[in-house]
Structure formats: structure tokens, C-alpha cells
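Accompanying notes for the structure given below.
The values are calculated or read from the model by the stated rules, or taken from the named source; none is laboratory data. Everything numeric here is computed off the predicted structure, so don't read it as measured data. Here Cβ is always computed from backbone atoms with ideal geometry, including for glycine, and neighbour counts include all displayed protein chains.
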Amino acid sequence: IGVGLIILGILYFLREVDIIGEQLNDVIFSLPTTIFVIGLIVLVNSRRKSLSYLLMGLGGAGMVIRAFGLDYSDFVFPVVLLALGFYIIYRHVEKQREAELGGNGYDDPLRKYNTDMDVLDEMSIFGGNKRIVNSKNFKGGNVTIIFGGSEIFLRDCELSDGDNVLDLFVIFGGCDLTVPGHWNVKVDVVSLFGGFSSKKYNYRSEEVDENKTLVIKGLVLFGGGEMKVF
């Protein structure tokens, strides 16, 4: 994340001093490039490779079209067909994945399902979901939220020995984590134009196991997050 911000800052600086040409500037600072970068972030932070490839493909195609000064209207129909095809395949894979995780239906406005997986891999893009984790050997994982929201309940979990890292990436979205009071939790989240807080609800002092630690790391950009301790 830090390297990415440095590269972005350098590119902006080069643009301001007119080192980057106008044509290259139009490609770098554009919506297709943003879509490509989001796809790259999803690729790094999640196991859902199909969605990341779709975003990177759409963004890359848009960058090529923009670089050669082609007319976007000539490519709308084939791009829509490709996107629709990939989306249908992606939804099919997701439904299979939810069934394997023990999905309990859609009686909640948010998608809600339980899982006993030891490593969490949660992603929400332009939507919301709710996850109840029941693992007895929880080892952390990845949470990626882009223009969406997620509620993750860890109250029924037991941590694995040592440090268990939960890596968050939230951009234009929100994430709520609920953890039990006896957990040893360290928060190391970088917030830019957003925030990540910790609050205690109906909390009673409990003995903390120092041999098991949940380390929450990551980036919150133009979004928010909260860790709730019960």
C-alpha cells in the first residue's frame, strides 16, 4: 500500500511539472486505469481471482482504447457482452462457494451465512454482506470492501496460537468487526480520509490470553470501520 501511494504521488508530481506527456497523462489519470488498479488490489487481497481478472481486463481494454485515441462507442457492445458473460460465471461460482460454506438463505437484507473456515476471505463490491465465523482455530485472513459494506461476527471464534493477522482494505465503504472480550487485539490500520475505531458494548472485564493475538492491519480510504468488543 505504501509503495502504491508513493508511485501515485510521483506520477502526480511528474504531471504537474509537465514531464508526463498529455497522451500518457490521459491514460494514467482515467477511469479505466482506476478500474485496473482496483482489479489489481482485489487480486492481491482476495482469493476471488475471476473478479480481479474481469476488472483488470476491462480496465486494460479501456486503457488501450484511450491510448490509441479510438472511439469508445465502437467497443461498447462487445465489452458489455464480455462483462455480462464474466458476471454470470462469477455469480455461479459465488453461489457454489456460499453453498459449500453453509449458506442459510437470503432472509436478511444483507447476505448472511455462517462459516467455520480458519482463514477468512471476505469481499464486498457494490453490495453488502454479513458473516458469522465459528472457527475454533481462527488464523485471520483478508477483507476487501470497495463501494460496499460488511459485518463480520467473531464472537463464537477461538484464536489460533500466536499472531493471527486480519488484513483489511476498505475504499468508499465500511466494515464492522465484532470480537469477544477475552481476545488480545492489536489494531494497526492506516486511515486516509476515513477512520477505524474500537468500542466496547456491554463489556465485562475478562482475562486476556496473551498467547493468542488478533492483529488487524490494512488501509481504510474514504471509508470507515469499527471493532466492537462484547
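When restricted to residues that are at pLDDT 80 or above, of a type outside the set (A, V, I, L, M) and part of a helix (DSSP H, G or I), region 54-76 contains 5. Evaluated against (1) outside any loop (DSSP other than H, G, I, E, B); (2) more than 23 Å from residue 39 (Cα to Cα), residue 182 falls short on exactly one condition, (1). Scanning region 18-35 for residues that are among the acidic types (Asp, Glu) and free of Cβ contacts under 8 Å to residues at least 12 places away in the same chain returns 18, 22. Taken over region 152-166, the criterion of being farther than 13 Å from residue 185 by Cα and crowded, with 19+ Cβ neighbours inside 10 Å is satisfied by 152, 153, 157. Just give me the residues in region 123-139 being buried (at least 20 other Cβ atoms within 10 Å of the Cβ) and within 17 Å of residue 169 (Cβ to Cβ), in sequence order. Those that are buried (at least 20 other Cβ atoms within 10 Å of the Cβ) and within 17 Å of residue 169 (Cβ to Cβ): 123, 124, 131. Answer yes if at least one residue in region 223-230 is in the same structural domain as residue 122 (by TED's automatic domain parsing), in a strand (DSSP E or B) and at pLDDT below 85, and no otherwise. No, that holds for no residue. If only residues of region 103-122 that are over 15 Å from residue 175 (Cβ atoms) and at pLDDT below 55 are counted, the one that is surrounded by the fewest Cβ atoms within 10 Å (Cβ to Cβ) is 107. Please count how many residues of region 132-159 are at pLDDT 90 or above and charged (D, E, K, R). Residues flagged as at pLDDT 90 or above and charged (D, E, K, R) within region 132-159 amount to 4.
Before we move on, is residue 156 among the acidic types (Asp, Glu), in a strand (DSSP E or B) and not assigned by TED's automatic domain parsing to the domain that holds residue 40? No.
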